[in-house]
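Have a look at the structure below, then the notes.
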Amino acid sequence: MLKDLVLANRSCRGYDYSRKVTRDELLEMIDITRHAAAGVNMQPLKYYLIYDDEKADLITSMVKFGANLPELGLPFKGTEPPAYIIMCHDKEVNPAVDFFRCDIGICAQTITLAATEMGLAGCMIGNYNKDKVSEALGLDERFSVELIISIGKSIEEVKIVDLEEGQSHKYYRDENGIHCVPKRKLEDIIIND
């Protein structure tokens, strides 16, 4: 059921590094997402796939995980992601990057849902330097790095908790190391009766 898949699709910041992600698995995720809705059906998003240790380690060194938990220094040593999908906007298809922001969200969610269905996990990462990532990957200027998605087999336990009035929306780790994600209650996000 879709609801079960969405509930299981949690951002992951700790991976089983020994469980490698193959190029074919990443291609399957992209093949699914290329069928998703796209603004005026232009599909300006292109993907750089990373599934080898050297490049995965390079990207891990260039991104920041867990902005709400900087004191933890995530990911912990030995739990780094074994794969990444670098989502890029191809300015030759259409230079208007801002017009396609919705496409980025749709495609990123589709990718992480596909990963979840495959028994993997992902994390959408926006905390990185675009220019440094582009340079490290040797990307042509026509490609603008828009989002980085880590992919791998999760080793984390994640729990969704109801966000009570006055509580922080920030995710946290409880005393047992369980990653807790507060979500607003249904009645708190409906505007009308």
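Considering each of L45, L27 in turn, give the residue that is within 27 Å of V93 (Cβ to Cβ), touching a strand residue (DSSP E or B) at 6+ places or on another chain (Cβ under 8 Å) and surrounded by 15 or more Cβ atoms within 10 Å (Cβ to Cβ).
L45
Restricting attention to the stretch 177-193, report how many residues are assigned to a loop (DSSP other than H, G, I, E, B), in contact (Cβ under 8 Å) with a residue 12 or more places away in the chain and not β-branched (V, I, T). Please lay out each step first, then the result.
Taking the stretch 177-193 first, the residues assigned to a loop (DSSP other than H, G, I, E, B) are 177-178, 185, 190-193.
Filter once more, so that each one left must be in contact (Cβ under 8 Å) with a residue 12 or more places away in the chain: 177-178, 185.
Add one more test, that the residue is not β-branched (V, I, T), and what stays is 177, 185.
Here the count works out to 2.
Quick one: in the stretch 100-138, which of the residues that are in contact with a helix residue (DSSP H, G or I) (Cβ under 7 Å, 6 or more places away or on another chain) and of a type in the set (S, T, Y) is nearest to A38 (Cα to Cα)?
My answer is T110.
In the stretch 45-66, what residues are among the basic types (K, R) and in a strand (DSSP E or B)? Quick ask: steps written out before the conclusion?
Initially, the stretch 45-66 is screened for residues among the basic types (K, R), giving 46, 55, 64.
Residue satisfying the conditions is K46 alone.
Tell me which residues, restricted to the stretch 67-83, are touching a residue at least 60 places away in the same chain (Cβ under 8 Å) and either in a loop (DSSP other than H, G, I, E, B) or within 24 Å of P182 (Cα to Cα) (or both). Explain how you work it out, then say what you get.
From the stretch 67-83, those touching a residue at least 60 places away in the same chain (Cβ under 8 Å) are 67-69, 72, 74-76, 78-83; that's our starting set.
Those that are touching a residue at least 60 places away in the same chain (Cβ under 8 Å) and either in a loop (DSSP other than H, G, I, E, B) or within 24 Å of P182 (Cα to Cα) (or both): A67, N68, L69, L72, L74, P75, F76, G78, T79, E80, P81, P82.
Between a first residue in the stretch 36-54 that is assigned by TED's automatic domain parsing to the domain that holds C88 and among the hydroxyl-bearing types (S, T, Y) and a second residue that is loosely packed, with under 15 Cβ neighbours inside 10 Å and part of a helix (DSSP H, G or I), which pairs have beta carbons less than 8 Å apart while being 6 or more apart in sequence or on different chains?
Y51/R23
Look at the stretch 127-176 and say how many of its residues are under 14 Å from I86 (Cβ atoms) and without any contact (Cβ under 8 Å) to a residue 12 or more places away in the chain.
Adding up the residues that qualify gives 5.
The values are calculated or read from the model by the stated rules, or taken from the named source; none is laboratory data. Because the structure is a prediction, the values reported are computed rather than measured. Cβ sites come from the backbone with ideal geometry, for glycine too, and all protein chains shown count toward neighbours.
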